[in-house]
Amino acid sequence: MAKITTADFKNGMNIIQDDNIYTIIEFQHVKPGKGAAFVRTKLRGLENDKNIDKTFRSGESVESVRVERHSYQFLYREGDMFVFMHQQTYEQIMLEERRVMAKEYLSDGEICEVLVDVERDNVLYAEPPQHITTKVIDTDPGLKGDTAQGGSKPAKIESGASVNVPLFINIGDAIRVDTRSGEYIERAKS
């Protein structure tokens, strides 16, 4: 692990703070009229999923961490464990349920990003793509003329999650869903 100073900070950089890995979401160098300069940061925990605000003295040293993203295919769920397969090496890994983000949108065969702490050879978490295309397997039938009102109704998708969709969406329609917010984006071309 390399030592860096606050002058090296960049958005997206990963550092160790309180024995946890955090990503720098944003930072700001502040030089007050009186006193020493400092760096105000917003950090997001990769291991503990906490967001914190932290102030560092200007020039303070911290340890940086190299985190890599790898493509893994979600294969199946076994109890509270999720099984993924690396796309190039075909190596399979099992992750606990708490280490899988937006798990309600995962369906078999989905390609996910897995974050790995390279120095410790530790898998941090897996996340599905930001947008997925899926089929509606259950919803109330749409009625003619439902496109004008702009209302919505719940629909169950292939992974079992429920998404609010426009009234004109029917069973069997392919839709795009944002996995970060769980919102309907658009009807997809089948």
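The values are calculated or read from the model by the stated rules, or taken from the named source; none is laboratory data. Worth saying up front: this structure is predicted, and the values here are computed from it rather than measured. Positions of Cβ are backbone-derived with ideal geometry, glycine not excepted, and every protein chain shown enters the neighbour counts.
For every residue, the table says whether it meets (1) aliphatic (A, V, I, L, M); (2) modelled with pLDDT of 90 or more; (3) under 30 Å from Ile132 (Cβ atoms); (4) surrounded by fewer than 18 Cβ atoms within 10 Å (Cβ to Cβ).
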| site | (1), (2), (3), (4) |
| --- | --- |
| Lys34 | no, no, no, yes |
| Ala37 | yes, yes, no, yes |
| Gly59 | no, no, no, yes |
| Glu68 | no, no, yes, yes |
| Tyr72 | no, yes, yes, no |
| Met81 | yes, yes, yes, yes |
| Ile93 | yes, yes, yes, yes |
| Gly109 | no, no, yes, yes |
* Only one of these conditions is not met by Lys144: (1) modelled with pLDDT under 90; (2) not in a loop (DSSP other than H, G, I, E, B). Which number is it? -> (2)
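Conditions tested, residue by residue: (1) outside the structural domain of Ile16 (by TED's automatic domain parsing); (2) over 29 Å from Ile15 (Cβ atoms); (3) out of contact with any His (no Cβ under 6 Å at 6 or more places or on another chain); (4) β-branched (Val, Ile, Thr).
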site	(1), (2), (3), (4)
Met94	yes, no, yes, no
Met101	yes, no, yes, no
Glu104	yes, yes, yes, no
Lys135	yes, yes, yes, no
Asp138	yes, yes, yes, no
Lys156	yes, yes, yes, no
Val165	yes, yes, yes, yes
Ala174	yes, yes, yes, no
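Residue-wise test of (1) free of Cβ contacts under 8 Å to residues at least 60 places away in the same chain; (2) farther than 30 Å from Glu158 by Cα; (3) touching a strand residue (DSSP E or B) at 6+ places or on another chain (Cβ under 7 Å).
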{"residue": "Val30", "(1), (2), (3)": "yes, yes, yes"}
{"residue": "Val39", "(1), (2), (3)": "yes, yes, yes"}
{"residue": "Leu46", "(1), (2), (3)": "no, no, yes"}
{"residue": "Asp53", "(1), (2), (3)": "yes, yes, yes"}
{"residue": "Tyr76", "(1), (2), (3)": "yes, no, yes"}
{"residue": "Val83", "(1), (2), (3)": "yes, no, yes"}
{"residue": "Gln87", "(1), (2), (3)": "yes, no, yes"}
* Does Ile137 fit the bill of being assigned to a strand (DSSP E or B), within 30 Å of Leu167 (Cβ to Cβ) and touching a helix residue (DSSP H, G or I) at 6+ places or on another chain (Cβ under 8 Å)? -> no
* For the subset of segment 117-132 comprising residues that are in a strand (DSSP E or B) and among the hydrophobic types (A, V, I, L, M, F, W, C), which member is nearest to the chain's Cα centre (by Cα)? -> Ala126
* To do: Give Gln73, Gln88 a once-over and let me know the one that is within 29 Å of Asp178 (Cβ to Cβ), in a loop (DSSP other than H, G, I, E, B) and assigned by TED's automatic domain parsing to the domain that holds Asp121.
  => Gln88
